[in-house]
Amino acid sequence: MNIKAEDLMIASVITTHRHQTIGHAKDIMKRNNVHSLPIVDSENILEGIITVNDLTDEISDDTKVGHIMVKKVLTIPKYSGIHVAARIMRNHHIHHLVVTHEKKIVGVLSSFDLLALVEEHRYISKNPPTKSKNKHQRI
């Protein structure tokens, strides 16, 4: 499978800034039907990310995004294979990866984007392992 992150990512990335409120972020996410928002500075450099899982009822809509954003954002280069993206998501228990090229945000890849491969049969299934022909197997 030679599918790259850039082949599956959503290229029209919607972002916000750390000084915006949670209420503003919720509105953006709802209007655009997205589940994550990368947080960027004035030069469009990635500073953090928030997801719908971060937006709990205990957090006031007046809270600044910068107070709850995850600052350690896992990213993947656009030319990386999607198997790398899947491994990162699985190993870190996350559903969104920011896709970059030369340190700039070029897209977002979600676990739903990876599931589309299965749904569209764009993957190559491996044969199951064959049984050993050795009759004297250890028990």
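The values are calculated or read from the model by the stated rules, or taken from the named source; none is laboratory data. Everything quoted here is computed from the prediction, not taken from an experiment. So basically every Cβ, Gly included, is an ideal-geometry build from the backbone, and we count neighbours across all protein chains shown.
So which residues in region 14-32 are charged (D, E, K, R) and part of a helix (DSSP H, G or I)?
Applying the first criterion (charged (D, E, K, R)) to region 14-32 yields 18, 26-27, 30-31.
Once the filter is applied, which keeps residues that are charged (D, E, K, R) and part of a helix (DSSP H, G or I), region 14-32 yields Lys26, Asp27, Lys30, Arg31.
Looking only at region 33-56, count how many residues are surrounded by fewer than 14 Cβ atoms within 10 Å (Cβ to Cβ) and either among the acidic types (Asp, Glu) or in a helix (DSSP H, G or I) (or both).
Number satisfying all stated conditions: 3.
For region 1-13, the count of residues that are over 22 Å from Ala86 (Cβ atoms), modelled with pLDDT of 90 or more, touching a helix residue (DSSP H, G or I) at 6+ places or on another chain (Cβ under 9 Å) and not in a loop (DSSP other than H, G, I, E, B) is zero. Sub-9 Å Cβ pairs linking a first residue in region 14-29 that is touching a residue at least 60 places away in the same chain (Cβ under 8 Å) to a second residue that is not in a helix (DSSP H, G or I), at least 6 apart or interchain, are Thr15/Leu37; Thr15/Pro38; Thr15/Ile39; Thr15/Val40; Thr15/Asn44; Thr15/Leu46; Thr15/Ile105, ordered by first then second residue.
Under 8 Å between Cβ atoms, at least 6 apart or on separate chains: pull out the pairs that start in region 41-61 with a residue that is of a type outside the set (Lys, Arg) and end on any residue that is modelled with pLDDT under 90 and not in a loop (DSSP other than H, G, I, E, B). Here the result reads Asn44/Lys104, each pair linking region 41-61 to a residue that is modelled with pLDDT under 90 and not in a loop (DSSP other than H, G, I, E, B).
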